[in-house]
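Engineer: This is the structure I want to talk about, given as structure tokens.
The values are calculated or read from the model by the stated rules, or taken from the named source; none is laboratory data. None of the values given here were measured: they were computed from a predicted structure. Cβ atoms come from the backbone with ideal geometry, glycine included; neighbour counts cover every protein chain shown. Each accessible area value is taken on the protein alone, full model and side chains, heavy atoms only, with ligands, DNA and RNA left out. Shrake-Rupley method; radii C 1.70, N 1.55, O 1.52, S 1.80 Å.
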Amino acid sequence: QVQLVESGGGLVQAGGSLRLSCAASGNIFSINAMAWYRQAPGKQRELVAVITSGGSTVHVDSVKGRFTISRDNAKNVHYLQMNSLKPEDTAVYYCKMIMNGRQYWGQGTQVTVSS
């Protein structure tokens, strides 16, 4: 059984920083990609950033230059470093792992940015 556990969310003032972590456990092999999504109240879940098994990254335009996705292959952990946070970044952040063609989701962690 595969489990993803996020941590690092919280309340921060605008302009501040947070680092989210997503730790994968269980029968982990052939990870294709890992990603972060977010869902704000009343909105659909949206992609924030992706990192492939080869280390290539994609960040959506709204977070480019502020957020950075990274991973530690040895620990099966991926991260989202979030700098220069804005109130519009407030959302529940979810990590996702694509492994052997299947998708796995974490339970989500709340990020709240106050103005």
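Engineer: Exactly which chymotrypsin sites (Phe, Trp or Tyr not before Pro) in region 1-85 are in a DSSP loop and have at most 14 other Cβ atoms within 10 Å?
Structural biologist: Qualifying residues, ordered by number: F29.
Engineer: Normalised by the number of residues in the chain, what is the relative contact order in percent for Cα pairs under 8 Å and 6+ residues apart?
Structural biologist: With pairs under 8 Å counted, the relative contact order is 36 percent.
Engineer: Can you tell me the dipole magnitude for region 14-115 around its Cα centre, using point charges on the Cβ only (Lys, Arg +1; Asp, Glu -1), in Debye to the nearest 20?
Structural biologist: 80
Engineer: When DSSP assigns beta bridges and you keep just the ones with both residues in the chain, what percent turn out antiparallel, to the nearest 5?
Structural biologist: Given both bridge residues lie in the chain, the antiparallel proportion sits at roughly 90 percent.
Engineer: Where the accessible area of the chain is counted over protein heavy atoms with a 1.4 Å probe, how much of it, in %, is carbon and sulfur?
Structural biologist: So the carbon and sulfur contribution to the accessible surface is 46 percent.
Engineer: Under a straight-distance cross-link criterion of Cα-Cα below 21 Å, which lysines are reachable from K64, leaving out those fewer than 8 residues away in the same chain?
Structural biologist: K43, K86, K96
Engineer: Whole number in Å², please: accessible area per residue of the chain, 1.4 Å probe, ligands, DNA and RNA not counted.
Structural biologist: On the way: 6060 Å² over 115 residues.
Heavy-atom accessible area per residue stands at 53 Å².
Engineer: Determine ³J(HN,Hα), in whole Hz, for all residues of region 32-42 in sequence, where each value follows from phi through the Karplus function 6.51 cos²θ - 1.76 cosθ + 1.60 and θ = phi - 60°; x replaces Gly and Pro.
Structural biologist: These are the phi-based 3J(HN,Hα) values: 8, 7, 10, 8, 10, 10, 9, 9, 8, x, x Hz.
Engineer: Okay, next question. Can you give the longest stretch of the chain with no exposed loop site, where a site means trypsin sites (Lys or Arg not before Pro) in a DSSP loop (not H, G, I, E or B) with at most 12 other C-beta atoms within 10 Å? List each step's numbers first, then the result.
Structural biologist: Values: sites that count: K43, K64, K75.
It runs 1-42.
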